[in-house]
Amino acid sequence: MSEGRQPAPRRARPVSPHAGMQKIQRRQRIVFWCLMLCIFAMGLLLAIERHRERQRIEALAEQMPIDAPTAVAKTVTLDLANDQDGSIHPEVRQIALPQAVNARARALIDHLLAAYALPGAAHPLPPGPAVAEVFLLPLPVTGYVADPSWPASSSAEYRTATPVASNDPVALQPQRHGGELAVIDLRNSWVNQHPSGVEVESLTLKSILGTLHRNLPQIEQVRFLVDGQARETLAGHADLLRTYIVRDTTTQTDGDAPEPVHP
Amino acid sequence: MQRRVIVLDPAHGGSDPGAQISDTTSEKDVTLALAFRLRAMLAARGFTVVMTRDSDAPASPAPGGGSLTLDDRAGVANHAHAAACLVLHASSSGDGVHLYRSELDATPAEPIVPPWLTAQAAWIPQSRLLQREIAGALMRSGIPLVTGSVSVRPMDSLTCPALIVELAPADEDVDSMNRTGYQQQVARAIAGALLVWEGQVQAPPQLWVAAAPRTSPAGHSRRTAPHP
């Protein structure tokens, strides 16, 4: 028997000890970096969305009345302006209002200005929180002086203060007992975005004054602040330094309209 | 009063551009262009025109110079004793011309020394008549018109029949405000109305006693600053 020729054993090719590992490592590296990229992108997306949501909630919180609204929505009338013909017309709405008068005034102004931020508004204004706070002061505005008969060293609780009326001869007087001055503190961020122009600025102020007049008759006068500071104009035109009288701004009864002209 | 003198106040100027009408146009440029056209129309009708500025950045007439303040403008206008003072503005909102007088309530007479912040009060009846005259002329010219009263400085400090003339676009195109034809049409209507006005204007009666404290709901009270 002849022994069959046995095939020569395969000679193992000299293989680099790191060759296989390098091939696997490259794939792994690619997968690894792809995963890392995905993780990073998802993290970034989550952070952005979280920031957006926080801003949205903060904006909502700013627009909410300070006090909890009453359970029943109330009928209010908003004086809405129209840039095209320079008119202001009343519109009845149902909104929930807080109990406190200053919070109610703020809520009314917030609702009014929110209507102007809607697309297609006849008097377009920037969106976002506009009113920081509304303060109410009884009229006439008085100051207080400490009683000079008490020594300065006396503790505050024993010192008396006397109300002193303004000696300004042109100071506005209240129309009736219980009248109040509303100080509306506007936000600088909103004021800086307000459109500039005599008509558009005046309509904003008249719209606010008319709305307060219709819904809160105890408010007789209004002054405006911007971030707690006096400011000359709303956006370069309408005077913000004067005291405004709250009155009906929808109808022009003082003969403003020109006599009919027939071309 | 100088019946043939008209004051034109092109609002803003210098570092105060006013409203941004479009990407390339500021309010101060439109008001100055309209003032030049109106001045030419009025000069052609024999009026003397006093302008508070005839360049971009006028200097204050007060000692020390500086930029022209709103009070400076009122001072220039009041020294002219003009038959009409027109404060020119421009806006991209609305259309046509917006014609406003001061929001102050009228007083029957002018005190010897009128309060600076309410000096216009005695001139309100004349301002109202001037408003009707110019409004009628603009309507006859077919220009869309809005009239009313506003509180814009320095109107309340002017001692002359005073109006704000705010030029708005002629149509949907905001840049229509810069069209020569449109500005000419507005200027022609106003100049024609002022020619009629020259024969109607009257100074308010002088009040020879001290002005009584105001109890009307129309006054300013800048000094009654609240302390919230």
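The values are calculated or read from the model by the stated rules, or taken from the named source; none is laboratory data. Predicted, not measured: the structure shown is a model, and the values here were computed from it. Here Cβ is always computed from backbone atoms with ideal geometry, including for glycine, and neighbour counts include all displayed protein chains.
Return the residues of the stretch B:1-17 that are touching a Gly at 6+ places or on another chain (Cβ under 7 Å) and surrounded by fewer than 17 Cβ atoms within 10 Å (Cβ to Cβ); say none if nothing qualifies.
Step one: filter the stretch B:1-17 for residues touching a Gly at 6+ places or on another chain (Cβ under 7 Å), giving B:4, B:11-12.
Scanning the stretch B:1-17 gives a single hit, B:4.
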*asked:* I need a count of the residues in the stretch B:108-127 that are more than 11 Å from chain A (Cβ to nearest Cβ), in contact (Cβ under 8 Å) with a residue 40 or more places away in the chain and of a type in the set (Val, Ile, Thr).
replied: 1
*Just give me the residues in the stretch B:156-180 being part of a helix (DSSP H, G or I) and within 18 Å of residue B:27 (Cα to Cα), in sequence order.*
B:174, B:175, B:176, B:177, B:178, B:180
*What do you reckon, is residue B:123 of a type outside the set (A, V, I, L, M) and more than 21 Å from residue B:6 (Cβ to Cβ)?*
no
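Taking residue B:57, is it more than 14 Å from chain A (Cβ to nearest Cβ) and either crowded, with 24+ Cβ neighbours inside 10 Å or over 30 Å from residue A:123 (Cα atoms) (or both)?
Values: more than 14 Å from chain A (Cβ to nearest Cβ): yes; either crowded, with 24+ Cβ neighbours inside 10 Å or over 30 Å from residue A:123 (Cα atoms) (or both): yes.
Considered against the rule, which asks whether it is more than 14 Å from chain A (Cβ to nearest Cβ) and either crowded, with 24+ Cβ neighbours inside 10 Å or over 30 Å from residue A:123 (Cα atoms) (or both), residue B:57 comes out as yes.
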*Of all residues in the stretch A:191-202 being in contact with a strand residue (DSSP E or B) (Cβ under 8 Å, 6 or more places away or on another chain) and facing chain B (nearest Cβ under 9 Å), which is surrounded by the fewest Cβ atoms within 10 Å (Cβ to Cβ)?*
A:196
*Failed condition for residue A:206, given (1) more than 7 Å from every other protein chain (Cβ to nearest Cβ); (2) within 22 Å of residue B:87 (Cα to Cα); (3) at pLDDT 90 or above; (4) touching a helix residue (DSSP H, G or I) at 6+ places or on another chain (Cβ under 9 Å)*: (4)
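Condition (residue is part of a strand (DSSP E or B), within 14 Å of chain B (Cβ to nearest Cβ), among the polar types (S, T, N, Q) and on the phi < 0 side of the Ramachandran plot) applied to the stretch A:91-100: is it met by at least one residue? Please lay out each step first, then the result.
Our first condition is that a residue be part of a strand (DSSP E or B); within the stretch A:91-100, this holds for A:91-95.
Cutting the leftovers down to within 14 Å of chain B (Cβ to nearest Cβ) gives us none.
No: zero hits.
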*Is one or more of the residues making up the stretch A:112-124 over 19 Å from residue A:76 (Cα atoms), part of a loop (DSSP other than H, G, I, E, B), touching an Asp or Glu at 6+ places or on another chain (Cβ under 8 Å) and of a type outside the set (A, V, I, L, M)?*
yes
*Would you check if there is a residue in the stretch A:134-143 being out of contact with any strand residue (DSSP E or B) (no Cβ under 9 Å at 6 or more places or on another chain), closer than 21 Å to residue A:228 by Cβ and at pLDDT below 95?*
no
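Of the residues in the stretch B:97-133, how many are in a helix (DSSP H, G or I) and aliphatic (A, V, I, L, M)? Let's see the steps before the verdict.
The first filter runs over the stretch B:97-133 and keeps only residues in a helix (DSSP H, G or I), leaving B:116-133.
Going one step further and asking which of them are aliphatic (A, V, I, L, M), we end up with B:117, B:119, B:121-122, B:124, B:129-130.
Selection size over the stretch B:97-133: 7.
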*Among B:92, B:157, B:102, B:149, which is of a type in the set (S, T, N, Q), touching a helix residue (DSSP H, G or I) at 6+ places or on another chain (Cβ under 6 Å) and at the interface with chain A (Cβ under 9 Å from one of its Cβ atoms)?*
B:92
*Which numbered condition residue A:188 misses (of (1) within 19 Å of the chain's Cα centre (by Cα); (2) surrounded by 18 or more Cβ atoms within 10 Å (Cβ to Cβ))*: (2)
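Tell me, which residue of the stretch A:228-249 that is out of contact with any strand residue (DSSP E or B) (no Cβ under 7 Å at 6 or more places or on another chain) and either at the interface with chain B (Cβ under 8 Å from one of its Cβ atoms) or at positive phi (or both) is modelled with the lowest pLDDT? It would help to see each step written out before you state the result.
The initial filter retains those residues of the stretch A:228-249 that are out of contact with any strand residue (DSSP E or B) (no Cβ under 7 Å at 6 or more places or on another chain), namely A:229-232, A:234-236, A:241-242, A:247-248.
Now drop any that are not either at the interface with chain B (Cβ under 8 Å from one of its Cβ atoms) or at positive phi (or both), which leaves A:230, A:232, A:235-236, A:241-242, A:247.
Numbers: A:230: 94, A:232: 92, A:235: 94, A:236: 92, A:241: 92, A:242: 90, A:247: 85.
Once the filter is applied, the top-ranked residue is A:247.
Out of curiosity, is residue A:231 more than 17 Å from residue B:102 (Cα to Cα), of a type in the set (D, E, K, R) and buried (at least 21 other Cβ atoms within 10 Å of the Cβ)? I'd like the intermediate steps shown before the answer.
Working: more than 17 Å from residue B:102 (Cα to Cα): yes; of a type in the set (D, E, K, R): yes; buried (at least 21 other Cβ atoms within 10 Å of the Cβ): no.
Criteria not met by residue A:231.
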